[in-house]
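Okay, structure first, notes after.
The values are calculated or read from the model by the stated rules, or taken from the named source; none is laboratory data. This is a predicted model, so every value here is computed, not measured. No Cβ is skipped: glycine too gets one built from the backbone with ideal geometry, and neighbour counts run over all protein chains shown. These accessible areas exclude ligands, DNA and RNA; they are computed on the full protein's heavy atoms, side chains included. Shrake-Rupley method; radii C 1.70, N 1.55, O 1.52, S 1.80 Å.
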Amino acid sequence: MLDDSHLNEFTGGDRDLQKQVLAIFLEHAPKYLETLCASGNDTWRSDAHKLKGAARSIGAWRLACEAERAEQMGYPGVDDPRRARVSKELLTRLEQTVLVIKNRDHDK
């Protein structure tokens, strides 16, 4: 779920910095997804881009890939069935990533 080698490289192996980066992710990523999935969102693409960048920064590649798919959709209408499918998949992948991060904190 998380690419530890990427996170180590991104933070120079600094465990305290890793905790800070992951805490920032936990604080912001759910808000990006909430805004992205909000009814009538006219900033779908930029919100998906923010989530993609946040996921990439910590090495959450599956989440980043799904966020990129959302970004490439452009601006789907509220009734666009792709929107609901992608939103559901993003939520699932974000929940999985959050669990991995929280379990990581308990393991160390």
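V86 - would you say it is modelled with pLDDT of 90 or more, among the hydrophobic types (A, V, I, L, M, F, W, C) and surrounded by 20 or more Cβ atoms within 10 Å (Cβ to Cβ)? Spelling it out, V86 is indeed modelled with pLDDT of 90 or more, among the hydrophobic types (A, V, I, L, M, F, W, C) and surrounded by 20 or more Cβ atoms within 10 Å (Cβ to Cβ).
Beta carbons closer than 8 Å, at least 6 apart along the sequence or on distinct chains, pair a first residue in the stretch 29-52 that is farther than 9 Å from E71 by Cβ with a second that is open to solvent by 70 Å² or more (accessible area, probe 1.4 Å) and aliphatic (A, V, I, L, M) for L33/L91; C37/L91; S39/V78; G40/V78. Only one of the numbered conditions (1) at pLDDT 90 or above; (2) charged (D, E, K, R); (3) in a loop (DSSP other than H, G, I, E, B) is violated by D79, and that is (1). For the stretch 59-71, the count of residues that are buried (at least 18 other Cβ atoms within 10 Å of the Cβ), part of a helix (DSSP H, G or I) and in contact with a His (Cβ under 8 Å, 6 or more places away or on another chain) is at least one.
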